[in-house]
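The values are calculated or read from the model by the stated rules, or taken from the named source; none is laboratory data. Source: prediction; values computed, not measured. Glycine also receives a Cβ, built like all others from the backbone with ideal geometry; neighbour counts cover every protein chain displayed. The protein model used for the area step is the full one, side chains on, heavy atoms only, and it has no ligands, DNA or RNA in it. Shrake-Rupley method; radii C 1.70, N 1.55, O 1.52, S 1.80 Å.
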Amino acid sequence: MQTDLDAYFEHLRSERQISPHTLDGYRRDLIKVSNFCQKHGLAHWADLKGSHVRQLIAEQHRQGQSSRSLARLLSSLRGLYRYLNKEGRCAHDPAAGISAPKGEQRLPRLLDTDRAMQLLDGGVEDDFIGHRDQAMLELFYSSGLRLAELVGLNLDQLDLPAGLVQVQGKGNNARVLPVGRKAREALEAWLPLRALSNPPDGAMFVSQQGRRLGARAVQLRVRQAGVRELGQHLHPHMLRHSFASHMLESSQDLRSVQELLGHADIGTTQIYTHLDFQHLAKVYDQAHPRAKRKQGSEP
C-alpha cells in the first residue's frame with residue numbers, strides 16, 4: 001500500500017504540480033487511511049470498502065475532527081482512487097457517496113474596510129524591508145492572491161504599465177488579475193531596491209541576500225505588520241478574505257469575484273455572500289426604526 005501511496009504523491013508533485021502545502025494535506029489524510037487499514041488487517045487498497053470508510057469517518061468524528069477536515073479526507077481518498085483506477089490497481093471507489101457529518105459553517109475572519117485602510121496606510125519605513133513588506137501587503141489586498149501565489153511570483157509575471165499580474169493558482173491554473181493603483185505605487189517603490197540585492201532568479205519578493213522569500217517568512221512579516229498597525233494577529237489569507245468580501249459588497253457580482261479568486265466551484269465563493277449578509281443585517285438592525293431594540297429589552 002505504501003508503494004502505491006508513494007507513486008501517487010510523486011504523481012501529484014511532478015504531474016499535477018500541486019503546491020507543497022496542499023501535498024502535505026493529502027499526505028496527512030491518506031496516512032490516516034493507511035494506518036486504519038493496517039489496524040484492521042487490510043493489506044491492499046482493493047480491500048477497502050465503503051463500510052470501512054464510514055467506520056473511519058465515525059472514529060475521526062468521535063476524536064473531534066471537524067466536518068471540514070473529514071470532507072477533505074474524503075476528497076483526498078477519492079483522488080487516490082481515481083489515480084489507482086486509472087493505473088489499473090483498483091476498480092472501485094470506497095468513498096463514493098459518503099459525506100462528512102454536517103458541522104457548523106465557520107465564516108472566514110477578515111478586516112473591515114476601515115481596518116484594511118489602517119493597515120495599509122500606516123507608516124512605511126524608507127528601507128529595503130519596509131518597501132518590500134508594503135508591496136506584499138498591498139498586492140495581497142489589491143489582487144486577492146493566495147500565499148503560495150505570492151511566494152511563487154516572478155518579475156516577468158507583472159505588467160506594471162498595464163496594471164496586471166499573472167499568477168499560477170491551484171492545479172497550475174493561470175489567471176490574470178488587476179493590480180490597483182496603491183499596489184502599483186508600492187511595487188514601483190520596491191522594485192529598484194529589489195534589484196540592489198542582485199537576485200539570482202526572477203523572484204518578485206526576496207531577502208536582502210537576494211533569495212526568494214518562503215511562505216513562513218511572508219507569514220511572519222504579515223503577522224508583524226498586523227501587530228504593529230492593528231494590534232491583532234494577521235495572516236495572508238485574511239487579506240484575501242478581506243479582498244473578496246469588500247469586492248462582493250461593492251459589486252454584488254459573485255461570478256466576477258469567483259474568477260478573481262480562482263475558485264473552480266462557485267459554491268466556494270458563496271461563503272462571502274454570508275459575510276455580506278451579516279454586514280447588511282447589522283446595518284438593518286442599527287438603522288431600521290422597527291428593528292431597533294429598546295435599551296435593556298430582552299433579546
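One table, with the values for the structure above:
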item	result
Difference of contour (0.36 nm per residue) and Cα-Cα distance, ARG82 to PHE128	11.8 nm
Accessible area (Å², 1.4 Å probe, nearest 10) - ARG89	140
Difference of contour (0.36 nm per residue) and Cα-Cα distance, SER256 to THR113	49.5 nm
Pair LEU220, LYS39: separation of 7 Å Cα→Cβ label points (nm)	3.7
Computed FRET value (nearest 0.05) for SER51 with ASN173, which takes r as the C-beta separation and R₀ as 35 Å	0.45
Separation in nanometres of the label points that stand 7 Å from Cα toward Cβ, at ALA195 and ASN154	2.0
Neighbour-limited loop hits for GluC sites (Glu not before Pro), the range 21-104 (at most 11 other Cβ within 10 Å; DSSP other than H, G, I, E, B)	GLU104
Difference of contour (0.36 nm per residue) and Cα-Cα distance, GLU249 to HIS11	81.7 nm
Listed residues GLU15, GLU229, GLU188 arranged by accessible area, highest first, probe 1.4 Å	GLU15, GLU188, GLU229
Point-to-point label distance, HIS61-LYS102, nm (Cα→Cβ direction, 7 Å offset)	1.2
Probe 1.4 Å - accessible area at ILE31, Å² to nearest ten	70
For GLN232, residues with placed amide H under 5 Å, excluding near neighbours	VAL227
Of all accessible heavy-atom area on the range 1-74, the percent that carbon and sulfur account for (1.4 Å)	48
